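Q: This is the structure I have questions about; it appears just below.
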Amino acid sequence: MSKMHITLTVNGTAVEGLAEPRTLLIHFLRETLRITGPHIGCETSHCGACTIDMNGKSVKSCTVFVGQAQGAEITTVEGLVNADGSLGVIQENFREHHGLQCGFCTPGMITRAHRFLQENPAPTEAEVRFGMAGNLCRCTGYQNIVKAILASAAQLNAAKEAAE
Amino acid sequence: MNDQSNTPEDRSTRLKGMGCSRKRVEDVRFTQGKGNYVDDIRMDGMLFGDFVRSPYAHARVVSIDSAAAMKVPGVLAVITAKELEPLGLHWMPTLAGDKQMVLADGKVLFQGQEVAFVVATDRYAASDGVAAVEVEYDELPVVVDPFKALEPDAPVLREDLAGQTTGAHGPRRHHNHIFTWEVGDKEATEAVLAGADVVAEEMVYYHRTHPSPLETCGCVASMDKVNGKLTVWGTFQAPHAVRTVASLISGIAEHNIRIISPDIGGGFGNKVGVYPGYICAIVASIVTGKPVKWVESRMDNLMATAFARDYWMKGRIAATKAGKITGLWCHTTADHGGFDACADPSKFPAGFMNICTGSYDIPVAYLAVDGVYTNKAPGGVAYRCSFRVTEAAYFIERMIEVLAIRLGMDAAELRRINFIRKDQFPYQSALGWEYDSGDYHTAWDKALKAVGYDALRAEQAQRLADFKAGKTRRLIGIGLAHFTEIVGAGPVKNCDILGLGMFDSCEIRIHPTGSAIARLGTISQGQGHATTFAQIIASEIGIPADDITLEEGDTDTAPYGLGTYGSRSTPVAGAATAMAARKIRAKAQMIAAYLLEVHDDDVEFDVDRFAVKGAPERFKTMKEIAFAAYNQAIPGLEPGLEAVSYYDPPNMTYPFGAYICVMEIDVDTGEHEIRMFYALDDCGTRINPMIIEGQVHGGATEGYAIAMGQEIAYDEMGNHKTATLMDFFIPTSWETPHYTTDHTVTPSPHHPIGAKGVGESPNVGSVPAFSNAVHDAFRPFGLVHSHMPHDHWRVWKIARDLGLHG
Amino acid sequence: MIPAGFEYHRPADLASAIGLLQDHGDEARVVAGGHSLIPMMKLRMTDLGHLVDLQDIGELRGIAIGAGHVTIGAMTSQHDLIADDRLAAVLPIIREASLQIADPQVRYMGTIGGNVANGDPGNDMPGLMQCLNASYDLAGPDGTRQVAARGFYQAAYFTAREDDEILTRIVIPVPAAGTGHAYVKQKRKIGDYATAAAAVLVGTTSASVAMTNLSDTPVWSEAAGKALAAGDTEGCVAAILAAIDPQEDMRGPVEFKRHVAAVVLRRAIDSALARRT
């Protein structure tokens, strides 16, 4: 199979590479581009460890061929740090509220939370639990993840209000 | 620094030592995707290996044809047992004293067994190679039921053991029998049962399940032919043990092997064992001279590496009419699959199942465990529990409930009248353990009060009346559990793995400017060791936790230790950490005395300094002492400030807890809703409350999954039916309950800081709490026992069998 | 879990897509969201030489609300269905059902066209579309034909669609004002297929009932609808029980599934009746 020339914008930077059409987006990110934040946990689109943000949607990158992503705007957990390199609001709240343990689900979890809070800036606890249900965690029992996301929402909203 | 208060309290706060909810240092890298897990490792020229696996549960391997696979672009080698045999690596020893095929040697014994290892330039080519290998099988009769496996005419599974009537743990009485392990006084127990007022009897099955951490197992093996050194990065919960085992079976000198556990994406027991993938990657690297990566898929993981549980526990419990337990008898049939690869201390083929007398003062008891081969995957790991403790806890907590039904008693009260009393500790159990400390009554009463137990029972009774009156189809179940764990394996006198004593270690070096590095023989898989062990050191020697680097997992740098599983890190390595710190403190005291020009005994430790007794204004801080250790010639003292401790614990530790679950059950659909889950844990001294709480949430969620739906299931042909996360139940945030945590503190008297370990308690304690809630809901209709998992259809079937569907 | 190799195509218009299907015959498959197809490819249970990605074909997107009909482009995602308030106003059952499909990430990618066209008995939309009496536009080399959802499903993964046809649009009649609706699904967890699911519409003179994952195709029963229209809930349930043919799997044995089918259907009926105005 001839290789495709793939161009993407990842975390604000234009990138390119060659890939077989069957290459899964997660492998292109991790192995060609060396963006190893998104992980592989189940390979059947159940666990969400590979979640990235693609054209404004939360997407499980283990179930997308790289060709399908041609030209896409992609954000991974690496792209959610502040410009000065400090942790972004959601990242900081995961740390503050002990929303992670082994850290393996965390990149997908935070990337999903980022999109979820864009769509629902003031969620209830039940809405967080429903909106995060595409991401499995084996360590935390989710309780502190939910806490971290609710705290992030409050903080982001307060910052928005202050700015207005 | 002059604006900082110098009261001992403020100085202590600045250390972020034991007892504070210090934020985790690990999280800075994890939250921005900068962890370094095994699949993140990339090396120049690295190859990838993948397995051809058996589609059959029991079959002869007639032939393996690699010709087509070798023509696949990128495929470099196909390794089979034939290639491994000259190296003596086609079989490997298991942790349980058995041996296991690395690659199918003439036959396969479970579906998913490793048959051939395809090495290619990348994972895509390897996958194509796997698809192209042609294997001819000749199917054999399959046995997946351990009771049928012991029938006289059952198929012979392990032909390699023909004629061997003795195994690693004594006599074998049948070709599919592995061992019988007996503890306690059989005669006395049977005499008590024969004469008892009441005997309750039940078969309690703890089904097969799997630890399934989100990161699967994998490794990168790199043989450097120039310097003769083998380096293996991998998902190892016990890196030093892996190094020693690798040396023993490969013949490579141990100093030429370096094992590195990078960040590990959860372990839960799955990453204790040594798997064929590790061996094959090493061999492939030696053969090709290039680094070789092997990372299993989720299906590989669920099918082939490290199941847990699968214990059929037949119990009899005797009591007086008043409910005082007089004896306990248990016979367990343990399904070990095709090879006995259980991860237990060598002298304990059924782990610490003999903690099955639980939290109760039971005068006489007897336990026998028979290990059996079947056509299922090997493993038998401690899935977030200390070596079969969760099976034991589930067994006794179910037997208590069954006894309460026989006696017509409230199960909370039955527990209360049988608890070991506070004044009985240290307590000698009938099955041979010495419980270090406990205060069960206080914990129990606190728990019952916290949930409003009496009001819950009243509400439950009202709901039952409403149900009977046709006003509702939902019942309430109140699930109780009081568990006693046994963790911190363990004393070298009786705990070893393949002859390696189960001590652990810590080395601390204080740098001249007063910061430090500590290295341990353990390895975190999410427990936050880098955070908590630094807290222990901070409190012990007065250096801020933020100034202490903690390293684990590299056998070239860390002192020898047996690793992290069985909740042993805090009880054993935590103790080693405190002891190493105390050695440093002792030397620091001498340095301080010298600097202050007083006798050693005239200075005392004060949070972060040594001060002259009676003259606290005359002191030397640890920072000053550290510098002095490197720049002053102190008579009688070597320069430098470092220490290492190898800690052999005098006893296990015995954390305990009281868990209560309130569950609503839909009788018509079998669905449930967890209304409340209360978890009181007593893990002795609490190092980091935030992390303890997180451990409880996580362990209870695993327990929820196990009790309510998670299983490894096979059909009669040995086909694995739960090999993806569609069917292997891992709850999402939506199904997972909310937890209320609580605690009491009963320090361990023999542990240097009194800590007992907590990581596994919530799995051990929550499974019976969830399960008992299901049973409790149906108790008024005559339900005595029904096997887990309590997924929708099985709960529905309880209701159906009780005639509740009209 | 790595798929075998294939050629990737991303046609810009429908005619090119159909042309590709003609060129490559049963070697070619179209992909919409891919969340059913790609896992099957990774398991190497689906073998194909050419993958035709429909994402650039603009005419396959969008939701048009007409007076009597709603037309939904096949490439419309479940996320878009949920987000569309106009759609929710005329066909609230679509939002209710869509929220019960898979998980948020999968709903961003999963499309209504993929869900109805693939023929997986576990998918929720086929039963719902039968309940709603939707029809599917199938575009092929000889033009477009319309097939009723109720006549589309032949067996698991076998449908009335020819290999060189693409399902382009779903046309759904808008139920009469005041029609009650409900989609009730029992599943083991988020992300699971239904143990049993029921779609119910009930108006003053008519009703429609369809079930999901209880046979190798979705089950719509005319008799069940008639019974319910006549106010005979138990007759409706009996008709459905006569029509379903569930198989044992990890969700449970046949007897359980039959029982639960009746329970979720009764609950859906109760809910739909309560919503009828």
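The values are calculated or read from the model by the stated rules, or taken from the named source; none is laboratory data. All values reported here derive from a predicted model rather than from experimental measurement. All Cβ positions, glycine included, derive from the backbone under ideal geometry; neighbour counts span all protein chains shown.
Q: Determine whether the stretch B:182-205 contains at least one residue that is surrounded by 24 or more Cβ atoms within 10 Å (Cβ to Cβ) and in contact with an Asp or Glu (Cβ under 7 Å, 6 or more places away or on another chain).
A: No, that holds for no residue.
Q: Which condition number in (1) in a loop (DSSP other than H, G, I, E, B); (2) surrounded by fewer than 19 Cβ atoms within 10 Å (Cβ to Cβ); (3) not β-branched (Val, Ile, Thr) is the one that B:Arg582 fails?
A: Among (1) in a loop (DSSP other than H, G, I, E, B); (2) surrounded by fewer than 19 Cβ atoms within 10 Å (Cβ to Cβ); (3) not β-branched (Val, Ile, Thr), B:Arg582 violates only (1).
Q: From B:Gly566, B:Gly574, B:Gly553, B:Gly542, which residue is small (Gly, Ala, Ser), farther than 27 Å from B:Arg609 by Cβ and in contact with a helix residue (DSSP H, G or I) (Cβ under 7 Å, 6 or more places away or on another chain)?
A: B:Gly553
Q: Any idea which residue in the stretch C:19-72 is farthest from the chain's Cα centre (by Cα), counting only those that are of a type in the set (D, E, K, R) and closer than 15 Å to C:Asp137 by Cβ? It would help to see each step written out before you state the result.
A: At the first step, the residues of the stretch C:19-72 found to be of a type in the set (D, E, K, R) are C:23, C:26-27, C:29, C:42, C:44, C:47, C:53, C:56, C:59, C:61.
Okay, now just the ones that are also closer than 15 Å to C:Asp137 by Cβ, so C:59, C:61.
Numbers: C:Glu59: 20, C:Arg61: 17 Å.
My answer is C:Glu59.
Q: Let me ask something additional. Going residue by residue through the stretch C:180-189, is there one that turns out to be surrounded by 23 or more Cβ atoms within 10 Å (Cβ to Cβ) and not in a strand (DSSP E or B)?
A: yes
Residues checked against (1) more than 8 Å from chain B (Cβ to nearest Cβ); (2) without any contact (Cβ under 8 Å) to a residue 60 or more places away in the chain:
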site	(1), (2)
A:Thr7	yes, no
A:Arg22	no, yes
A:Val59	yes, yes
A:Gln68	yes, yes
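Q: So, in the stretch A:101-110, of the ones that are part of a helix (DSSP H, G or I) and in contact (Cβ under 8 Å) with a residue 40 or more places away in the chain, which residue ends up nearest to the other protein chains (Cβ to nearest Cβ)?
A: The qualifying residue nearest to the other protein chains (Cβ to nearest Cβ) is A:Pro107.
Q: Turning to a different aspect of this structure: Scan B:Asp128, B:Asp138 and give me the residue that is touching a residue at least 24 places away in the same chain (Cβ under 8 Å), more than 14 Å from chain C (Cβ to nearest Cβ), more than 33 Å from the chain's Cα centre (by Cα) and at negative phi.
A: Only one candidate passes the filter, namely B:Asp138.
Q: Please specify each residue of the stretch B:541-551 satisfying the condition of being buried (at least 17 other Cβ atoms within 10 Å of the Cβ) and either within 13 Å of B:Val25 (Cβ to Cβ) or at pLDDT below 95 (or both).
A: Taking the stretch B:541-551 as the starting set, the residues that turn out to be buried (at least 17 other Cβ atoms within 10 Å of the Cβ) are B:541-545, B:547-548, B:550.
B:Pro544, B:Ala545, B:Asp547, B:Ile548, B:Leu550 - these are the residues of the stretch B:541-551 that are buried (at least 17 other Cβ atoms within 10 Å of the Cβ) and either within 13 Å of B:Val25 (Cβ to Cβ) or at pLDDT below 95 (or both).
Q: Being modelled with pLDDT under 95 and touching a Lys or Arg at 6+ places or on another chain (Cβ under 6 Å) is the filter here; which residues of the stretch B:735-775 pass it?
A: B:Glu760
Q: With the requirement that a residue be crowded, with 23+ Cβ neighbours inside 10 Å and among the aromatic types (Phe, Trp, Tyr), what does the stretch B:163-181 give you?
A: B:Phe179
Q: Filtering the stretch C:211-240 down to residues that are part of a helix (DSSP H, G or I) and within 14 Å of another protein chain (Cβ to nearest Cβ), which residue is nearest to the chain's Cα centre (by Cα)?
A: Taking the candidates together, the pick is C:Val237.
Q: Across the stretch B:62-102, what is the total count of residues that are more than 25 Å from B:Thr166 (Cα to Cα) and in contact with a strand residue (DSSP E or B) (Cβ under 6 Å, 6 or more places away or on another chain)?
A: Here the count works out to 13.
Q: Hey, can you tell me all the residues within the stretch C:188-199 that are of a type outside the set (A, V, I, L, M) and within 13 Å of C:Asn123 (Cβ to Cβ)?
A: C:Asp192, C:Tyr193
Q: Go through the stretch B:763-797 and report how many residues are assigned to a helix (DSSP H, G or I) and either buried (at least 22 other Cβ atoms within 10 Å of the Cβ) or aromatic (Phe, Trp, Tyr) (or both).
A: Of the residues in the stretch B:763-797, 21 are assigned to a helix (DSSP H, G or I) and either buried (at least 22 other Cβ atoms within 10 Å of the Cβ) or aromatic (Phe, Trp, Tyr) (or both).
Q: Anything in the stretch B:402-438 that is part of a loop (DSSP other than H, G, I, E, B) and surrounded by fewer than 21 Cβ atoms within 10 Å (Cβ to Cβ)? List them, or say none. Talk me through it step by step, then tell me what you get.
A: First, pick out the residues of the stretch B:402-438 that are part of a loop (DSSP other than H, G, I, E, B): B:408-410, B:420-421, B:425-426, B:429-433, B:436-438.
Result: B:Gly408, B:Met409, B:Asp410, B:Arg421, B:Phe425, B:Pro426, B:Gly432, B:Trp433.
Q: If you go through the stretch A:34-47 one residue at a time, do you hit one that is surrounded by fewer than 20 Cβ atoms within 10 Å (Cβ to Cβ), more than 20 Å from C:Gly33 (Cβ to Cβ) and within 12 Å of chain B (Cβ to nearest Cβ)?
A: Within the stretch A:34-47, one or more residues are surrounded by fewer than 20 Cβ atoms within 10 Å (Cβ to Cβ), more than 20 Å from C:Gly33 (Cβ to Cβ) and within 12 Å of chain B (Cβ to nearest Cβ).
Q: Can you report the number of residues in the stretch B:101-125 which are within 19 Å of B:Val142 (Cβ to Cβ), surrounded by fewer than 22 Cβ atoms within 10 Å (Cβ to Cβ) and touching a residue at least 60 places away in the same chain (Cβ under 8 Å)?
A: Matching residues across the stretch B:101-125 total 0.
Q: Now for a different question. Which of the residues that make up the stretch A:129-164 are of a type in the set (Lys, Arg), under 28 Å from B:Met726 (Cβ atoms) and in a helix (DSSP H, G or I)? Reasoning before the result, please.
A: To start, the set of residues in the stretch A:129-164 that are of a type in the set (Lys, Arg) comprises A:129, A:138, A:147, A:160.
Narrowing further to those that are under 28 Å from B:Met726 (Cβ atoms): A:129, A:138.
Across the stretch A:129-164, the qualifying residue is only A:Arg129.
Q: Also: Does C:Arg145 satisfy being among the basic types (Lys, Arg) and more than 14 Å from every other protein chain (Cβ to nearest Cβ)?
A: yes
Q: Can you name the condition, by its number, that B:Val274 falls short on among (1) under 15 Å from B:Leu95 (Cα atoms); (2) over 20 Å from the mean Cα position of the chain (by Cα)?
A: Result: B:Val274 fails condition (2) only.
Q: Continuing with the same structure: In the stretch A:1-31, what residues are touching a Leu at 6+ places or on another chain (Cβ under 8 Å) and either part of a loop (DSSP other than H, G, I, E, B) or β-branched (Val, Ile, Thr) (or both)?
A: A:Lys3, A:Ile6, A:Val10, A:Val15, A:Pro21
Q: Condition (residue is within 22 Å of B:Asn301 (Cβ to Cβ) and within 14 Å of another protein chain (Cβ to nearest Cβ)) applied to the stretch B:54-66: is it met by at least one residue?
A: Yes: one or more hits.
Q: If you take the residues of the stretch B:1-49 that are touching a residue at least 12 places away in the same chain (Cβ under 8 Å) and among the hydroxyl-bearing types (Ser, Thr, Tyr), which of them is farthest from B:Phe236 (Cα to Cα)?
A: Among them, the one singled out is B:Ser12.
Q: Tell me, which strands (runs of 3 or more DSSP E) lie completely within the stretch C:1-114 with 2 or more residues that are surrounded by fewer than 24 Cβ atoms within 10 Å (Cβ to Cβ) and more than 10 Å from chain A (Cβ to nearest Cβ)?
A: Filter on the stretch C:1-114 gives C:28-31, C:63-65, C:69-73.
Residues are listed down the side, and each one gets a yes or a no for (1) free of Cβ contacts under 8 Å to residues at least 60 places away in the same chain; (2) crowded, with 24+ Cβ neighbours inside 10 Å:
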position: C:Ala199; (1), (2): no, yes
position: C:Ala210; (1), (2): no, yes
position: C:Glu222; (1), (2): yes, no
position: C:Thr233; (1), (2): yes, no
position: C:Ala274; (1), (2): no, no
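Q: Mind telling me which of the residues A:Ala126, A:Ala122, A:Ala113 ends up being surrounded by fewer than 19 Cβ atoms within 10 Å (Cβ to Cβ), more than 9 Å from chain B (Cβ to nearest Cβ) and either aliphatic (A, V, I, L, M) or not in a loop (DSSP other than H, G, I, E, B) (or both)?
A: Going through A:Ala126, A:Ala122, A:Ala113 in turn, just one is surrounded by fewer than 19 Cβ atoms within 10 Å (Cβ to Cβ), more than 9 Å from chain B (Cβ to nearest Cβ) and either aliphatic (A, V, I, L, M) or not in a loop (DSSP other than H, G, I, E, B) (or both): A:Ala122.
Q: Is there a residue in the stretch C:246-263 that is in a loop (DSSP other than H, G, I, E, B), in contact with a Leu (Cβ under 6 Å, 6 or more places away or on another chain) and over 18 Å from C:Ala182 (Cβ atoms)?
A: Start the filter on the stretch C:246-263 by keeping residues that are in a loop (DSSP other than H, G, I, E, B), which leaves C:246-248, C:250-251, C:253.
If we keep only those that are in contact with a Leu (Cβ under 6 Å, 6 or more places away or on another chain) too, we end up with C:246.
Now narrow it down to the ones that are over 18 Å from C:Ala182 (Cβ atoms): C:246.
Yes, that holds for at least one residue.
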